[in-house]
Amino acid sequence: MSKPRVAIFDFAGCEGDQLQIVNLEEGVLDVLGQVEIVTWREAMKEQSDHYDIALVEGSITRKGDEERIKAIREKAKILVAIGACATIGGINCIKNFQDEKFVRRYVYGDKAHWYNTYAARPVSAVVPVDANVHGCPINREEFVQVLKALLQGKKPFIPDYPVCVDCKKAGNVCVLLKGQFCMGPVTRAGCGACCITEGAYCWGCRGLVDDPNMDAARELLGRFGISAGEALGQIRLYDGYGEEAR
Amino acid sequence: MGSPSPYLPGLATIMKIEEQTAMEKLFVVRPNDGKPLGHKPGQFVEVSVFGVGECPISVSSAPNKKADFEICVRRAGNVTNALHNLKAGDVIGIRGPYGTHFPVEDLKGKDLLFVAGGLGIVPLRSFINYVLERRKDYGRIIVLFGARTPADRLFKAEIASLARRPDLEYLETVDVGDASWKGNMGVITTLFPKFTIDPKKTYAIMVGPPVMYRFAIAAARAKGLADDHIIVSLERKMKCGLGKCGHCQMGPVYVCQEGPVFNFAAIKNLEEALS
Amino acid sequence: MGGDMNLAIIEKEGLHLFVAELLRRKNTVVGVKDQSAVSSIPGDSGFYTYAPINSPEELTLSFDVTLIPPKKYLLPAYEQLLTFNLSPGSIKADAPKEELIVFGVHPYDIIAINQMDKVFSTVPQDNHYLERRKRTTIIGVDPVKIAPRAFWSSMGADTVAGGFDLMLTDIGQCYVMEVGSKKGASLLKMAPKTREAAPAEVKERDKVRTEARKRCDANRLSFSYLELPSLLDGKEEHVIWEEKSHLCFSCGTCNLVCPTCYCFDVRDDVSIDLKKGSRYRTWDGCLLSDFAQVAGGGNFRGHRADRYRHRFYRKGQFIYRRFGDIACVGCGRCSAQCPSDIADPIAVFNRLKEGI
């Protein structure tokens with residue numbers, strides 16, 4: 001049996017997720033041993049239009065992106081969004097709440113008219129996505145888990161419970177107990193609660209769970225003296241395209 | 001470990017696969033040790049596709065002396081999808097049989113009213129065939145079968161021969177018919193006015209989707225059946241089959257241990273049983 | 001040192017030497033540490049955790065409550081059950097091999113372990129758990145510091161009659177050490193500077209326990225915990241379930257930190273070359289939204305309020321009806337760690353008792 005052909009594409013993003021794949025180091029060879037990478041701008045020269053699995057990083061921010069991602073979708077049997085920009089829109093969506101012209105000028109200066117950008121959005125806003133590897137950046141172990149599941153023809157296990165579950169399994173002190181705010185109770189788990197384990201709080205980079213209790217979140221924020229506006233800002237940091245951020 | 005792991009499945013080989021509908025396949029399975037499963041009608045097994053996972057599936061064949069048994073599987077999640085992708089000769093894992101069974105002994109001499117909704121025919125088929133192999137041990141037999149559409153009807157050939165039997169009354173319906181369908185249309189309870197029973201001698205054995213029970217039980221009660229003359233088999237999420245993992249719990253009851261077959265009278269006041 | 005002592009006295013220095021001796025004999029000892037010593041996060045100081053110890057100095061016996069109960073050693077957060085080849089032929093069960101001494105377990109947590117023992121030894125037995133349990137030595141200690149949300153004194157969990165190998169009580173100058181098993185008796189022989197407890201010292205132990213119980217009574221159930229099963233009868237439609245669960249995140253914290261919660265999920269993992277695999281179990285919780293959801297999509301406990309209610313019924317009635325135990329020992333972990341502070345059993349049960 002020939003190895004599945006994998007192509008890696010990037011859209012608007014920092015390429016940090018591709019870096020995570022490269023950072024698998026020896027592990028990357030094990031993973032790549034199972035597949036044939038045919039397109040990867042970040043790591044190789046050759047390009048091919050024949051692939052089974054497309055890994056897509058970055059958000060869609062202009063009309064041209066749309067055409068490109070649709071063409072990728074047509075060629076790929078399986079399309080996987082990797083990283084917050086691709087799965088939920090990510091940091092790029094912060095600009096959706098600012099004046100488009102101002103943002104364009106701020107970023108591109110006097111070349112602003114060259115770039116016909118629009119509101120940033122996740123890949124799934126344009127084409128159907130078969131699997132998401134959430135996070136900013138992605139968790140390397142989870143990436144490998146998802147890839148293995150896809151190679152097995154099985155639906156990857158992407159948790160639909162909050163980060164608190166990972167946090168308890170990691171044996172962390174709940175940051176709320178330490179008097180700090182945390183997005184963990186409404187944020188999708190799967191990261192192993194890495195930020196809390198390292199002494200930070202959860203910023204919500206994996207997006208909200210399917211049925212977040214926003215009433216409870218607002219109550220929680222109130223307890224920490226955080227205004228509704230600030231709370232919205234925290235959600236918009238990564239999940240600006242999501243329903244709860246509008 | 002001093003004692004064997006209760007999670008360790010036995011290996012079994014898929015002998016034959018028969019496509020039933022677009023969603024369901026029937027698998028003939030033979031334990032590699034050649035020993036019969038030793039199940040009773042209504043029990044289930046935990047089926048493993050190694051590397052994918054494990055899930056509970058009811059045994060659809062009647063117990064017999066042969067090692068082969070049958071499971072009918074709907075494509076629903078990762079494990080059942082993987083099962084559908086297997087072929088004859090492939091090896092799977094089997095634990096069990098688990099759970100309670102239909103009271104085949106207690107019901108001897110009684111009239112039996114089988115109510116099968118959709119996939120509910122799968123465990124009931126085990127009992128129906130068991131009864132037919134011992135036909136004279138049981139009284140009158142009525143089988144009601146309801147499917148969503150004609151295309152969703154399972155065991156079509158078997159059902160056809162069942163319908164021709166003189167020693168059994170067979171009624172069926174589909175929720176939604178098609179151009180070729182000449183039979184009854186409507187939910188399964190619409191079949192109830194079409195027959196009469198002696199409620200003292202009759203036991204109803206019902207298996208179907210959760211939504212079916214409330215209506216079918218009401219219809220059975222309207223026919224004069226006492227609650228302890230109604231037997232149901234309930235579906236729940238199960239992970240261990242051993243009364244440990246907690247997923248199948250309804251009130252103090254673990255469905256994998258005290259069920260899946262229950263006398264309705266015993267669970268009718270359980271908050272989560274049939275709501 | 002005399003022959004068989006059931007109640008011994010060990011000097012504080014002797015206990016130190018005892019722990020050193022256990023370590024010297026290459027035992028794996030886990031004990032309670034300040035969380036900051038484990039996580040290296042300064043802000044974690046003041047919270048306690050079970051972790052391996054390498055010297056007697058690392059051990060804390062004057063903790064109030066640990067973040068996660070010692071169940072993590074008997075039913076680990078992730079536990080491999082089987083290993084196999086994907087093209088089957090070989091499949092084998094994993095057997096725990098390591099022996100473990102858990103040094104410093106409060107009575108309420110021992111009661112919780114006794115309950116888990118009952119659950120996992122009920123036929124069909126779970127030999128993975130039982131094997132681990134057999135290889136675990138429990139050295140109990142009576143609490144001297146009371147956790148702010150603890151209420152074990154009103155859950156019949158201030159003392160425990162069995163389930164430990166040794167049980168320590170700090171009576172000031174020294175510890176009273178009660179032997180609870182043969183294993184405990186042979187351990188005691190390893191301990192230097194022990195002697196039989198004098199009646200006055202046993203009395204002192206009672207006093208220490210009474211003091212602790214009184215301080216724990218600051219939070220309490222307003223009625224006997226044995227009334228819980230009947231109290232919950234017919235309260236399924238009470239407004240409290242809807243009202244309280246309005247703020248439930250379905251995060252499962254109350255389940256995961258509970259010493260009597262044992263539910264788990266079972267999953268398969270595969271090697272990167274897709275040739276070998278393993279089956280493992282991992283903590284699950286009935287508060288999580290998909291806990292009762294079947295593959296077809298149907299969810300038998302799809303509403304937040306139903307899941308919230310299920311947990312309290314499980315604590316106060318279901319486990320009692322099944323195994324004869326009230327499945328809450330009053331450790332207060334759920335009360336303290338629930339993000340919305342809606343998990344406190346005494347808040348719920350006392351209100352049900354008041355009938356409002």
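Please treat every number below as a calculation from the coordinates, not as lab data. Predicted model only: the values in this text are computed from it and were never measured. Here the Cβ positions follow ideal geometry from the backbone for every residue, glycine too, while neighbour counts run over all protein chains shown.
Points to keep in mind about this one:
- Three-way shape label, the stretch C:20-86, alpha-carbon gyration tensor, a/c 1.5: oblate
- With each label modelled as a point 7 angstrom along the Cα→C-beta vector, the A:R223-C:D206 pair spans 4.2 nm.
- Loop-located trypsin sites (Lys or Arg not before Pro) in the stretch C:226-283 (DSSP state not H, G, I, E or B) with no more than 15 neighbouring Cβ atoms inside 10 Å: C:K275.
- Extents of chain A, taken as max minus min of Cα coordinates on every principal axis and listed largest first, are 56, 48, 28 Å.
- Here's the list of lysines a cross-link from A:K178 could span, going by alpha-carbon distance under 17 Å and ignoring same-chain residues fewer than 8 apart: A:K168.
- Label-to-label distance, nm, for residues given as C:A37 and B:R135 (7 Å Cα→Cβ offset): 7.9 nm
- Ranked B:M250, A:M183, criterion: other C-beta atoms within 10 Å, fewest first: B:M250, A:M183
- Potential extension, C:E196-C:K97 segment - 0.36 nm per residue separation minus Cα distance: 32.2 nm
- Across chain A, C-alpha contacts under 8 Å between residues 6 or more apart give a mean separation that, scaled by the residue count, equals a relative contact order of 19 percent.
- The ranking of C:V38, C:V19, C:V257 by Cβ neighbour count inside 10 Å, starting from the fewest, reads C:V38, C:V19, C:V257.
- What the Cβ-Cβ distance of A:C194 and C:R321 gives, at R0 = 51 Å and to the nearest 0.05, is a FRET efficiency of 0.80.
- Sorted into 10 angstrom bins from 0, the C-alpha pair distances of the stretch C:226-268 split as 20, 32, 40, 7, 1 percent.
- The helix-only estimate of mean residue ellipticity at 222 nm for chain A, built from DSSP H runs of length n ≥ 4 each weighted as -39500 (n - 2.57), is -10000 deg cm²/dmol after division by the residue total.
- Taken over the stretch B:1-76, lysine pairs spaced eight or more positions apart, or on distinct chains, with alpha carbons under 19 Å apart number 8.
- Pairwise FRET efficiency - A:M214 versus C:K145, Cβ, R0 = 45 Å, nearest 0.05: 0.75
- Per residue, chain B reaches -5000 deg cm²/dmol at 222 nm when only DSSP H runs of four or more residues are counted, each adding -39500 (n - 2.57).
- Cα-based shape type of the protein assembly as shown, given that a ≥ b ≥ c are square roots of the gyration tensor eigenvalues and the cut on a/c is 1.5: oblate
- Span from the the stretch B:163-209 Cα centroid across to the the stretch A:39-109 one, whole angstrom: 56 Å
- Proximal lysines to A:K63, defined as alpha-carbon separation beneath 24 angstrom and excluding residues fewer than eight positions away on the same chain: A:K75, A:K77, A:K95, A:K101, A:K111
- By the Cβ rule of 4.7 Å, chain C holds the following cysteines without a possible disulfide partner: C:C174, C:C216, C:C248, C:C263, C:C286, C:C328, C:C331, C:C338.
- Neighbour net charge for C:D341 - beta-carbon separation under 13 angstrom, K R +1, D E -1: +2
- Among beta bridges from DSSP that stay inside the protein assembly as shown, the antiparallel ones total about 60%.
- Dividing the mean sequence gap of close Cα pairs (under 8 Å, 6+ apart) by how many residues the stretch A:138-246 holds gives a relative contact order of 22 percent.
- In range of the label at C:K183: residues from the stretch C:118-144 whose backbone nitrogen is under 12 Å from the point 7 Å along Cα→Cβ: C:130-140
- Within chain C, the ratio Rg/Rh, alpha carbon atoms throughout and Rh by Kirkwood, equals 0.99.
- Packing here is the average count of other Cβ atoms within 10 Å per residue, and on that basis the peptides B:21-33, A:88-100, highest first, run A:88-100, B:21-33.
- Those aspartates and glutamates that a straight Cα-Cα span of less than 17 Å connects to A:K70, excepting residues fewer than 8 apart in one chain: A:D10, A:D49, A:D52, A:E57, A:D130
- Mean separation of Cα contacts under 8 Å (6+ apart) over length of chain B, as relative contact order %: 17 percent
- With a cut-off of 13 Å on the backbone N, the residues of the stretch C:83-119 near the modelled label site 7 Å out from C:K26 along Cα-Cβ are C:99.
- Taking every residue in B:44-54 and counting other chain Cβ atoms within 10 Å of its Cβ, the average works out to 6.
- For the protein assembly as shown, the Cβ-based charge dipole about the Cα centre amounts to some 1680 debye (Lys, Arg positive; Asp, Glu negative; other atoms uncharged).
- Dipole orientation for the protein assembly as shown: of the candidates A:L208, C:P42, B:S61, B:S61 has the Cα lying most toward the positive pole (charges on Cβ; Lys, Arg +1; Asp, Glu -1).
- Restricting the trypsin sites (Lys or Arg not before Pro) of the stretch B:180-224 to loop positions (DSSP other than H, G, I, E, B) with no more than 12 neighbouring Cβ atoms within 10 Å leaves B:K182, B:K200.
- Only lysine pairs 8 or more places apart or on separate chains count here, and in the stretch C:57-173 those with Cα atoms under 28 Å apart total 15.
- Cβ-Cβ distance of C:S62 and B:K268, R₀ of 51 Å, FRET efficiency by 1/(1 + (r/R0)^6): the value works out to about 0.45.
- Close lysine pairs were tallied over the stretch B:111-233: pairs 8 or more places apart or on different chains with Cα atoms under 30 Å apart number 14.
- Extension gain, B:D227 back to B:E158 (0.36 nm per residue minus Cα-Cα distance, nm): 21.8 nm
- Residue mean of other protein chain beta carbons inside 10 Å, A:172-180: 6
- Residue order, fewest to most surrounding Cβ atoms within 10 angstrom, among A:W203, A:W40, C:W152: A:W203, A:W40, C:W152
- Chain B gives an Rg/Rh value of 0.95, both radii derived from C-alpha positions and Rh following Kirkwood.
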